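Worksheet: the structure to be examined is printed underneath.
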Amino acid sequence: MPTATDKSSVKKPRAPKPAKAVVEAKGTPAAAQKMPSGSGKKSATSEARPAEVNTGETTLVKADKNTIVVARGGYTAKAHIGDCREILPSLEAVRTSQVSLVFADPPFNWNRAYDRWDDKMPEREYIDFTYAWINHCVQALRPGGSLWINIPDDWAAEITAFLKGRFDGTPGVPKLNARMHMENWCIWHYRFGQNTTKRFINSKVHALHFVKEGAAPTWNPDEVLEQSDRAAIYDDPRTQSKKDGMPPGLRVPMDVWYGQFWGRVQGNNKERRGYHDNQLPEVYLERVIRACSNEGDLVMDPFLGSGTTGVVALALRRNFIGTEFSPENAKSACERIKMGPYRVLGQLKGASTAIFEHRRKSER
């Protein structure tokens with residue numbers, strides 16, 4: 001299918017409201033930032049913990065015709081414009097494996113009306129494209145670095161088998177650049193899937209997490225804790241004297257992700273960036289970046305899109321590099337990165353995602 005290149009048919013970028021998160025982080029004392037209750041359930045803490053957010057002075061410069069740089073507080077986010085398969089091998093950080101975390105949300109080949117990208121490739125061409133960019137991402141990772149891929153049912157099996165090395169020696173399939181092992185297979189669950197009567201309505205995307213062998217992975221569970229269901233629903237006293245090293249009443253999140261601010265970023269969502277066809281919620285990237293990287297690390301996204309990965313990475317004091325096929329998307333994304341996150345980062349730490357309301361003893 002021909003690529004849509006007629007700029008007259010492309011929606012003009014709609015700037016979102018001022019970045020609420022940055023304003024609140026600067027002007028609201030941490031003690032006054034209330035922790036969300038999680039649909040009426042008790043929270044492990046009554047107040048949000050202070051978020052270590054990068055609130056330094058921000059500058060945006062166009063280094064050259066194909067590179068845009070956003071700088072804040074000594075950290076940088078760089079967007080390189082073009083095909084990631086061509087750009088990534090040219091970057092020193094990729095060639096020398098300096099990246100600690102890669103997050104990739106590629107086009108799904110669903111015939112979406114991107115402004116420049118052809119999203120209806122023949123299946124074999126799309127698979128070859130997928131294996132190529134994955135290999136560049138594996139090359140970019142340091143030993144112990146994490147690769148997260150946000151992908152639908154259509155391609156999850158092929159990607160998982162490729163990263164597990166199951167296709168090694170198969171004619172027509174490239175050899176994986178380095179050994180990887182699966183750490184997590186998570187699910188991003190949302191409540192408003194595309195309506196259909198022909199099958200069960202899809203309400204999920206797979207979040208595949210692989211680690212490059214050769215060193216221990218970065219894992220920061222304390223950064224992403226939530227209230228346990230036992231504590232939120234039953235006030236179970238056993239949750240207050242845990243033996244797993246976690247604080248009382250808290251747990252590492254389960255591998256199905258949902259809750260407040262976790263829904264699809266639709267047109268009326270306050271996070272929504274009007275120019276972009278697809279956008280992930282900030283809480284999704286916050287969880288991945290906090291859990292699998294440290295301050296000062298290098299985070300990479302080969303499909304910059306609306307810029308969510310760069311927004312959260314720079315705000316959390318990580319350096320960032322991204323690639324984007326569309327010059328218009330890259331410009332809009334970097335403007336958003338400069339503005340910073342809309343949500344208050346850290347506000348869901350310790351909150352509950354329990355499905356059921358708190359129950360009194362008489363109701364159990």
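Points worth noting:
- Selection from region 285-308 of residues that are acidic (Asp, Glu) and either under 14 Å from the mean Cα position of the chain (by Cα) or part of a strand (DSSP E or B) (or both): GLU286, ASP301
- Among residues of region 233-278, those that are touching a residue at least 40 places away in the same chain (Cβ under 8 Å), loosely packed, with under 13 Cβ neighbours inside 10 Å and of a type in the set (Lys, Arg), counted: 1
- Taken over region 309-350, the residue count meeting the criterion of being part of a helix (DSSP H, G or I) and either surrounded by fewer than 23 Cβ atoms within 10 Å (Cβ to Cβ) or among the hydrophobic types (A, V, I, L, M, F, W, C) (or both) is 15.
- So ALA51, is it modelled with pLDDT of 95 or more and more than 13 Å from ARG318 (Cα to Cα): no
- Residue tally, condition in contact with a Cys (Cβ under 8 Å, 6 or more places away or on another chain) and crowded, with 24+ Cβ neighbours inside 10 Å, over region 121-149: 3
- Pair list, Cβ under 6 Å, 6 or more apart: region 182-205 residue of a type in the set (D, E, K, R), other residue surrounded by 14 or more Cβ atoms within 10 Å (Cβ to Cβ): GLU183/HIS209; GLU183/VAL211; LYS204/ILE187; LYS204/HIS189
- Every residue from region 156-215 that is touching a strand residue (DSSP E or B) at 6+ places or on another chain (Cβ under 7 Å), under 29 Å from THR353 (Cβ atoms) and assigned to a loop (DSSP other than H, G, I, E, B): SER203
- Residues of region 59-84 classified as assigned to a helix (DSSP H, G or I) and surrounded by fewer than 16 Cβ atoms within 10 Å (Cβ to Cβ), total: 0
This table checks each residue for (1) farther than 21 Å from ASP255 by Cβ; (2) among the polar types (S, T, N, Q); (3) at pLDDT below 95.
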{"residue": "ALA132", "(1), (2), (3)": "yes, no, no"}
{"residue": "HIS136", "(1), (2), (3)": "yes, no, no"}
{"residue": "TRP148", "(1), (2), (3)": "no, no, no"}
{"residue": "ALA157", "(1), (2), (3)": "no, no, no"}
{"residue": "ASP168", "(1), (2), (3)": "yes, no, yes"}
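- Of everything in region 108-120 that is out of contact with any Ser or Thr (no Cβ under 8 Å at 6 or more places or on another chain) and crowded, with 16+ Cβ neighbours inside 10 Å, the residue that is farthest from PHE162 (Cα to Cα) is ASP119.
- Cβ pairs under 6 Å, 6+ apart, first in region 321-332 and under 15 Å from ALA77 (Cβ atoms), second assigned to a helix (DSSP H, G or I): GLY322/GLY310; THR323/CYS84; THR323/ILE87; GLU324/ALA330
- Cross-chain or 6+ apart pairs with Cβ under 8 Å, region 160-177 first and under 14 Å from ALA132 (Cα atoms), then surrounded by fewer than 12 Cβ atoms within 10 Å (Cβ to Cβ) and not basic (Lys, Arg): LYS175/ASP168; LEU176/ASP168
- All positions within region 278-313 that are hydroxyl-bearing (Ser, Thr, Tyr) and closer than 10 Å to ALA333 by Cβ: SER306, THR308, THR309
The values are calculated or read from the model by the stated rules, or taken from the named source; none is laboratory data. Remember, predicted model here, so these are calculated numbers, not experimental data. As a convention, Cβ positions derive from the backbone with ideal geometry for all residues, glycine included, and neighbour counts pool all protein chains shown.
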